[in-house]
Structures are given as C-alpha cells and as structure tokens.
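Undergrad: First, the structure itself, so that you have it in front of you.
Where a number appears in this text, it was derived from the coordinates with a stated rule and is not lab data. As the structure is a prediction and not an experimental result, all values here were calculated from the model. For neighbour counting, all protein chains shown are included, and Cβ atoms are generated from backbone atoms with ideal geometry for every residue, glycine included.
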Amino acid sequence: MACSERIIQLMHKVLDGDATTDEEDKLMKHIETCERCRKHYEELQTSTSLLGQLPHPNPSLGFTDSVRMRLPSNRKPLVGGWFTRHPVIVAAAIFMILMSGYIFSTWNDNSFQATVDGKGHIAYRGNTVIVPKDEVINGDLIVQNGKVKIEGKVKGDVVLINSQSLQASAGHVTGDIEQINKLVSWVWYHIKHFFQIIF
C-alpha cells in the first residue's frame, strides 16, 4: 500500500503527542477512508493504552550512576586521536626532529676529518691535509675543521667545512672551492650531495 509508510509515521507522531492539529486532522481524514490504516491505528492505540497501564518500576538510587559507569566513553583523546588521523604528518615531524638533532650534533662536532670522494691519496701533518706533489685526486676533497695544502692537483671540488685556510696554486683545483662556515650552507651542501648521489 502506497500510503503506509508516510501515514504510519504520522500515526506514531499523533500517539506520541508530537503532531500538530493539522497533522492530526489529516490522519483522521485518511483513516476514515482507508480500512487498513484505521485497523493499524486502532491496534497501536490499544498497545499504547496497555503500556500506559503497566506499573512504572522504581529503580534503586544508584541505578542511573551504575549504568552511566558501564557505558563506553564517547570522548576521544585529543592527542592520540589526532596522531592516528594524521600519521603522515606525525611521521614527517618525527623525521624532522631526529634529522635536526643529527644535523646539530654533527655540525657541533669539532673533530678533524678529511675524505676523498673519488680516487687519490692525501697526506696529513697535524690538522693539515696535504695533496702531495705529483698526486692527482680524481674527485672531491672534503675537509672538516682543518687546513688544506694542495701541491698536486684536484680534478673536482674542494669543500672546506669550518676550515679557513687553503694553500693552492692557480690551476691546482679544476672544480669549485666551496667554504661552508654556516649551518644553513652545510645543510644545503648535504642536500645537494644527497640528490647528486640519487640522480
């Protein structure tokens, strides 16, 4: 029957006392002409009246509180909920914190280091890196917290990290000479180096 769902909802509204007078009049007019809806309405009226005659139970004093205690909390934890909803942001933030710690710890490391990023041999005299005469470094020479003396040739870049002194004749370095004395420059150098390795 096409009228059932709409009219049944109206019946419930009237029996609950939530219907307006217009809605109640509309229902009464409908059930005068529709036998099936009238029967259903009368059954609902009888059920409602029987339920109204039942005695109302009197719960114990702590009943409401004990039920509330057993109900699950609908409050979501602010921090945990946000972390689970945004795992990529959380992972990126943790990565940035760890990388920042690593960068600051290595930047503050004042130990002397020298590496050849390629082929060739270097010599040491204290904190001075020496490229011996007749030696050719095929690659980059990276010196941290030391001095550099180039008597041979470097076919690549010379990178001086926190290193101020460089002794080299013209033509001994075919690449760039890069001095990195600031944290931002040092980070930028490592980023460029990382992408050069990848690509």
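Undergrad: With a point put 7 Å past each Cα toward its Cβ, work out how far ALA93 is from THR174 in nm, to one decimal.
TA: Each label point is offset 7 Å from its Cα along the Cβ direction, giving 5.0 nm.
Undergrad: Let me ask you something else. More than 17 Å apart: what percent of Cα pairs in region 8-50 qualify?
TA: On the way: 223 of 903 pairs.
Summing the P(r) tail past 17 Å for region 8-50 gives 25 percent.
Undergrad: Quick check: pseudo-label points 7 Å beyond the Cα along Cα→Cβ at GLU32 and PHE83, how many nm apart are they?
TA: 6.8 nm
Undergrad: By the scheme Lys and Arg +1, Asp and Glu -1, what is the net charge of all other residues having a beta-carbon under 13 Å from that of GLN9? It would help to have the intermediate numbers written out before the result.
TA: On the way: positive: ARG6, LYS13, LYS26; negative: GLU5, ASP16, ASP18, GLU23.
That works out to -1.
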